[in-house]
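> The structure is given below, and queries will be raised subsequently.
Please treat every number below as a calculation from the coordinates, not as lab data. Since the structure is predicted, the reported quantities are computational estimates derived from the model, not experimental observations.
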Amino acid sequence: MCSCYGRPVPTTLAPARPARDVRDAAPRRRTRILSLPEPRWAAAALTLFLVALPLDLLGTPAWTWGPLYALTYVAGGWEPGWAGLRALRDRTLDVDLLMVVAALGAAAIGQVLDGALLIVIFATSGALEAVATARTADSVRGLLDLAPATATRLRPGGDEETVPATALAVGDVVLVRPGERIGADGRVLHGAGYVDQATITGEPLPVAKQPGDDVFAGTLNGTGALRVRVEREPSETVIARIVAMVEEASRTKAPTQLFIEKVEQRYSVGMVAATVLIFAVPLLFGADLQSALLRAMTFMIVASPCAVVLATMPPLLSAMANAGRHGVLVKSAVVMERLGQVDAVALDKTGTLTEGSPQVTDVRPLGGSGLDEDDVLRLAAAAEHPSEHPLARAVVEAARSRGLDLPDADDFAATPGSGVTARVDGHVVAVGSPGRLTGQAHPAAVEATRLEAEGRTVVLVVVDGAPAGVLGISDRLRDEASAAVRALHRLTGAAPVLVTGDNAAAAGRLAERVGITDVRAGLLPQDKVRAVRELERAGRRVLVVGDGVNDAPALAAAHAGVAMGRAGSDLALETADAVVVRDELSTIPAVVGLSRRARRLVIQNLVIAGTFIAALVTWDLVGHLPLPLGVAGHEGSTVLVGLNGLRLLRESAWRGARRQASASW
């Protein structure tokens with residue numbers, strides 16, 4: 001593999017670490033340039049060269065500058081040379097070793113100055129790559145500095161204790177005073193204030209927080225003391241998950257990178273063979289040894305594929321790190337490349353386009369019951385209060401939002417698929433499916449049918465055996481759902497498809513609201529997979545977005561799968577290729593746009609690298625390319641493609657991707 005200073009070109013952001021060690025108590029500092037070995041050796045080689053050069057040019061005796069040049073060779077070339085020998089022992093041809101051989105060859109034919117210059121430029125290139133890699137790692141690990149080392153935990157009696165943030169456990173309650181950073185992901189129990197979330201969400205203004213709202217580790221509490229219940233382990237916070245997943249993903253390689261590495265060894269062997277021919281053939285036709293050797297060594301340098309190998313991973317890893325900072329965890333470089341290739345999107349309904357939390361939208365008393373809306377809702381909520389069913393929780397929440405007092409329920413009984421019964425205020429109250437409780441011919445079915453036609457889930461309330469009212473329940477559409485659908489349509493050139501297990505009426509009504517025309521409702525998990533396969537047979541590369549266990553097969557079958565992190569099931573989160581941590585649909589088109597920008601940078605880098613190699617090789621073969629100029633061109637192109645890829649680390653890259661995706665919002 002092409003490497004600089006004996007280490008592979010940067011394809012990882014940081015060494016692998018156990019999940020629970022992703023955040024240490026001690027703050028991290030930005031990597032100091034001279035703390036890296038490559039810049040230190042490069043600085044030493046450059047210093048020795050700059051001392052020897054004027055002595056050489058002034059014509060002083062060789063003993064004054066010769067040892068300095070020799071030390072330059074040692075300082076700048078020992079590490080890549082030694083690494084190249086180790087690679088050769090493993091039957092791998094390391095191009096860096098060839099660079100060192102070329103420098104020694106130049107010295108052997110009297111071109112000591114040119115060889116030393118090659119070593120210095122080569123060492124400087126390796127140092128710049130090392131610094132660029134360190135800066136990439138710093139940008140990701142720097143997120144961990146945001147999380148405080150300690151937190152104020154409240155004991156059951158109300159006493160305070162200062163503990164390491166890593167010691168917090170789910171269920172603990174922490175006190176966050178004004179001006180402090182929040183030590184864990186959790187939910188506000190008491191207090192209100194404004195929290196600066198710019199470091200996590202990118203929102204420029206502080207966000208109002210009150211009881212029930214989520215907060216994230218590392219964000220800054222501006223005003224008001226907050227009591228926060230911890231809801232994630234320290235190793236599972238948004239910040240820690242971003243770092244852990246990006247570091248894990250950075251050890252994977254995209255298909256483009258794998259292809260390049262596959263042909264690299266063959267290319268290197270061919271390059272060595274060509275170098276031998278370029279050296280030997282002119283000798284057969286009478287060329288002098290020195291000029292033939294110099295031309296061959298120059299060819300070997302400029303034809304090296306270092307820049308080509310470095311073209312792929314920096315853009316993809318930078319895009320992954322940037323997406324992670326904005327709450328989209330991409331699990332591998334393969335996924336980041338695939339996200340930019342999708343040209344069709346299949347969206348789940350509940351928990352994806354909707355919030356996954358049912359809400360009572362209609363309360364309709366039935367004639368003859370003598371009850372008004374509040375009476376019907378109060379009795380239904382009292383009966384449903386002991387139930388854990390999501391619809392029951394929606395009914396109870398609706399009653400509480402109206403300020404209704406709920407009486408105690410006795411003789412509670414729940415029948416799966418039918419509903420619940422309980423005795424409330426001396427009345428027998430039954431809440432459940434209209435068809436199962438009353439039969440399809442009952443007059444209450446008319447009201448139920450009307451609500452179902454509007455896309456509602458219908459619940460019938462029966463008091464003492466007589467229908468008393470009908471409740472309409474629906475899942476709330478996410479605020480950004482329509483905009484995200486339009487953005488994905490624009491990016492992929494095809495309207496998204498709705499794939500859901502919900503009934504056709506509810507699915508159709510929601511699809512109409514968000515602008516989806518292709519609706520596939522009433523699907524079982526295997527039906528969703530079949531829908532994905534159908535799109536693939538039509539030549540599409542499908543992105544599936546879902547959250548539930550029933551979405552996992554489709555997520556696995558798709559070209560790329562994205563799970564909603566907050567509402568998503570464990571199986572969906574494990575199966576998906578990427579996770580939207582905060583359930584923000586708007587980040588999905590943004591990360592697709594970012595992936596496409598990364599792929600464009602990869603192509604740019606390959607063009608830059610190929611152009612430099614072709615131009616320099618042609619110059620060397622048909623003309624006379626000076627060795628120092630060849631070295632500068634080769635190493636300069638390597639550094640250029642590396643820095644070009646790192647552009648995607650900047651905040652402006654994410655904003656640009658969002659602007660591209662939101663052009664039609």
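> Name the long-range amide H neighbours of ASP518: under 5 Å, sequence gap of 5 or more, or other chain; modelled H, no Pro or chain starts.
LEU498
> Hull surface divided by four, with the convex hull built on the Cα atoms of the range 363-408: how many nm²?
Answer in nm², one decimal: 3.2.
> Given the alpha-carbon gyration tensor of the range 148-236, what are the semi-axes of its equivalent ellipsoid in whole angstrom, ordered largest first, with each equal to the square root of 5 times an eigenvalue?
19, 14, 11
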